[in-house]
Structures are given as structure tokens and as C-alpha cells.
Amino acid sequence: MGGFFGVASKHNCTLELFYGVDYHSHLGTRRGGMAMYGKQGFQRAIHNIENSPFRTKFEKDAEELEGCLGIGCISDYEPQPLLIQSHLGSFAITTVGKINNMDALLKETYQDGRSHFQEMSGGQINATELIASLICKADSLVEGIQYVQGLVDGSMTILLMTKDGIYAARDKYGRTPVVVGKREDGYCVSFENFAYINLGYCHDRELGPAEIAFITAEGAETVSPPGSHMKVCSFLWVYYGYPTSSYEGINVEEMRYRCGGMLAKRDGGQVQPDIVAGVPDSGIAHAIGYANESGVPFARPFIKYTPTWPRSFMPANQSQRDLIARMKLIPVQALIEDKKLLLIDDSIVRGTQLRETTDFLYQSGAKEVHVRPACPPLLYGCKYLNFSRSKSDLDLITRRVIQEREEDVTPEVLAEYADPGSQKYDKMVGEIQKRQNFTTLRYHRLDDLVESIGLPKCKLCTYCFDGKE
């Protein structure tokens, strides 16, 4: 995934940039970066944050960097921001998104006979460098950004800083957010709208799909109008969004309460757990919503140990991720032994970690473990955002079950498995319940998820659940 923050101020804005970027640390685990423009021109710092948080790695840089303009990012993949010198002038650039047609865009670029790129480990090209190269094919930065938005299959949100200001461009269909904050001495732009509140900024506006704004200390001017078609990612509310975030005016924590409440309504008292619990962290608010609606007490039968352990999906090796997940969750024996538990997690992806969580609950004396994922079954890997390191849809437990049941897995077959009223759906859920050793399993329905968010389905991206683009 990834996140970003930018500042345009009448004064030195190093600390605002530092803290604003740090507030996006939940969105990425590999690299962080800051770029500024001031009296010394463009300056930049990039660090690996896999084993140490952004704040620790960049404290020294925050003392040395200086400027009234700055952009920064948290990235799960390529190092950025990049500093670019071109016929359009010098600029810094950072991006959030996913390019599915990378090879085709590289081929097109190479055909001009004038391009080369720095090769990263594993033979990969820095996606942000490719985007910068494509922007520079145009006669202006705005035209270049528009050109990119028309070319990229996937999504591409961009912050581009010149010596005069910051261009903020939301991706073509608004799958990820871009919000603008303001205060007396300047403006900021952010992925997460809570990131600027403690810095004294108030909300100005949220950019629309494909909108491009030019941000200076004096204001935020739209230089390319928003499009009319939106497909904002529904999984932002379910999992990736921080509880204090809001997208399209809808708060994450409040949405999760509604989501849990609707799960409880669907259960209708059919199960009688002693306590409701959420898998830390994102499952907790869903569990609170379930408890509030059902009247079953909320409790924390295991506690997440966060002082030293990094996030569980950080290592590339699956077994390492599983080990870290186990080490982070510490059971509270008194709340587990001889208890019937109803457990809510944000989702079931591979199924590995939740199965191990269930096993240690049983080992700690639980009588029953009922599981309620806060989203529908994931049937497709995301085409638009880098949510996971999965290389194949068969990494998904749903697809492995379906593959074993079907000779030919066609879109039509998958549509049947996505329908909660079909026999195929019931068979799939029953098999997952059996493999995961759950007492019962009931997924959140897609229609309920849409209602929990509160936006029309036509404005939400639900591709990972139903394959509809």
C-alpha cells in the first residue's frame, strides 16, 4: 500500500512534514522518505524502515532538512520520493498505486530510444521513476499527469513538488483518498485526513476522482477538474484505514461499529457466546459493534504485544510472518478457559494466521470459537492497490477451496460462489469452517458491507469480493 503527506507553508515546515508522514506508518512497512525545497534547493532523505519506525530513522533528518515546501511518504515497495531533472524543470515525486501494464508502458517508453531506468533488486523498475518519465513526455506537468492517468491500468495517485508548489493528483477513479488541510500560514495535502489535525490544520476539501490541485502556502487551486465516476476502495474502511480516518466523509471507526452490528443482526441470536472479541487491531471496532448490538459482553481474550514486534505481514517469508503473528498475540487465560468465544477479524485471506489464533484459543481452554469476518469472502486479488504480497489468487483460501471443487473456474462459476444465497457459497464456507477448525463461520454479506459504509455501491470498488470493475 503506502501513504503520503505534503506541506506548503510561509515558514519552514520540516516538523509538520515529519509528523504528517509519520502518521501514515500504518500504511507501509518497507521505506520512508522526505523531500523538501528551500534555500539549498531540493533535499531528500530515504530510509529503510523494516526494522525501525519512521520516527526513529528520520529524527536526524528532521533537524537537517529545511524548506517551505515538502512531500514525504511511507512505501511498501519502491524507495521514494524521487528527485527528477527534466525539460519541465526539477521536481520531487511520490506515488501510491499499482500498475498492471508496467511491461507495456516500459516497452512504449523504450521505443522512443531515449529512456533508461535504474534497476532495483530482482530486476524490477521503480514504478515512481516510470511515472516521472511518462509525465515528462508532455509539454507541461499537468498535461503529463493527465497523460499518465489515461495510460495506467490500475491506479495512480501522485504528489509532485516543484520549487513553486505541490501538484496533488488523485487516481482516475478515486480508489485512494487525497485530502487538503489549511491553516493561516499554509496548506497541506494528505492520504489520511487525521494526519494534520494535531498540526493545527482544519479540513479544506477532498479531491474528486482524477482531480489535480496545485497547492501553495496561499491556497489549493484545481488545475484539472474531477471526473464523475468514482470507485473508492471499500477495504479501506474494513481494514487499512486508521480508526480516526474518514473517507468521503465516512469515519472508519463508526463504519466498523455498524459493520459489527449488522453481523450480529444476521446471527439473530443463533449462537450464544460468552464473550465477543476482535483480532487486534482492526477487528476490535467490529467486535464492539457486534457486542453493542447483541448484548454479549466485549472482552479481550488476547492482547497484542506491540512495544518491540513489527507488523505481522512485514517479512517476505510467510513462515516468518506467521511466527511474528504468534509472538504478538498473548492469551489471557482467565478470559478463555471454559468460554464460548465469538471472534471477529477484518478478513480471512490465506487463513494461516487465523487458524493458528483459533488453535491457541483451544489450547488455552476455549470451548467454542465462532468466527465472523468483517467482509465477504475474498475471491480475487486486488488489481488496483498493493494490499498484499500475494502473487496468485490461489494464495486465497477461498480460491484453493473452489479450485478443488471445480474443473473449470470461470467468472460465471466465481459469481455463484460470491452469491451468499447459493449452494456453492454454502459449500465453500462450510469447507473453510472445517479446515480452519471454527465452531461456526459466517462472513459479512456484500450488501451489508455496502450499507455499513453508507455510499452507493456504484461508487465503491468491490472487485476483491465480486470481481466487478
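Some observations on this one:
- Ordering 152-162, 363-373 by mean Cβ neighbour count within 10 Å, with the highest value first, yields 152-162, 363-373.
- Entries in K427/K459; K391/K468; K98/K231; K172/K468 that, when Cα-Cα distance is taken, lie over 22 Å: K427/K459
- Simple label model, 7 Å out from Cα along Cβ direction - S115 to D185, nm: 4.1 nm
- Under 5 Å, built H, 5+ apart or other chain: amide partners of E192: F4
- Projecting the Cα atoms of I348, L159, Q436 onto the dipole axis of the chain, where Lys and Arg carry +1 and Asp and Glu carry -1 at the beta carbon, places Q436 farthest toward the positive end.
- Relative contact order of the stretch 248-466, defined on C-alpha pairs under 8 angstrom at six or more residues apart (%): 20 percent
- Linear extension gain, K304 paired with K391, 0.36 nm per residue minus alpha-carbon span: 28.5 nm
- Gain on full stretching of the segment that runs from D153 to Y19 - 0.36 nm per residue minus C-alpha separation: 45.0 nm
- Computed on the stretch 2-230, with alpha-carbon pairs under 8 angstrom and 6+ residues apart, the relative contact order is 20 percent.
- Global form of the stretch 166-245, assessed from the alpha-carbon gyration tensor, a/c cut-off 1.5: oblate
- Placing +1 on the Cβ of every Lys and Arg and -1 on the Cβ of every Asp and Glu, with nothing else charged, gives the stretch 6-149 a dipole about its Cα centre of roughly 80 debye.
- Placed amide H near S234: partners under 5 Å, 5+ positions off or other chain: C461
- Highest mean packing first, where packing is the average number of other Cβ atoms within 10 Å per residue, the peptides 409-416, 138-145, 72-79 line up as 72-79, 138-145, 409-416.
- Nearby lysines by direct alpha-carbon distance to K339 (threshold 19 angstrom, same-chain neighbours under 8 apart not counted): K367
- Cα gyration tensor, the stretch 46-97 - rounded (a/c under 1.5), prolate or oblate: oblate
- More than 32 Å apart - percent of Cα-Cα pairs taken over the chain: 41 percent
- Cβ-placed point charges (K, R +1; D, E -1), dipole of the chain about Cα centre in debye, nearest 20: 760 debye
- Mean Cβ count within 10 Å, highest first, over the residues of peptides 175-181, 393-399: 175-181, 393-399
- Percent of C-alpha pairs per 5 Å bin in the stretch 2-230, short distances first: 1, 8, 16, 20, 21, 17, 10, 5, 1, 0.
- Theoretical ellipticity at 222 nm over the chain - DSSP helices of four or more residues, -39500 (n - 2.57) apiece, nearest 500: -9000 deg cm²/dmol
- Calculated FRET efficiency for the pair Q124/K39, C-beta based, R₀ 35 Å, to 0.05: 0.45
- The length gained on full extension between E356 and D426, counted as 0.36 nm times the residue separation minus their Cα-Cα distance, comes to 22.9 nm.
- In straight-distance terms, cross-link reach from K107 covers every one of the aspartates and glutamates whose alpha-carbon lies under 18 Å from its own, apart from those fewer than eight places away in the same chain; here that gives E119, E129, D153.
- Cα long-axis angle, helix 54-64 against the chain (0 to 90 degrees, to the nearest 10): 20 degrees
- Computed magnitude of the charge dipole of the stretch 177-283 (debye, nearest 20; Cβ of K, R +1, Cβ of D, E -1): 420 debye
- Computed from backbone phi with θ = phi - 60° and the Karplus coefficients 6.51, -1.76 and 1.60, the 3J(HN,Hα) list for the stretch 407-420 is 6, 9, 8, 9, x, 5, 5, 4, 4, 5, 5, 7, 8, x Hz; x is used for glycine and proline.
- Take every Cα pair under 8 Å whose residues are at least 6 apart in sequence, average their separation, divide by the length of the chain, and the relative contact order is 12 percent.
- Cα-based shape type of the stretch 369-441, given that a ≥ b ≥ c are square roots of the gyration tensor eigenvalues and the cut on a/c is 1.5: oblate
No value in this document is a laboratory result; all are computed from the given coordinates. Here the structure is a predicted model, which is why all the values come from computation and not from measurement. Every residue, glycine as well, gets a Cβ built from its backbone with ideal geometry; the counts of neighbours run over all protein chains shown.
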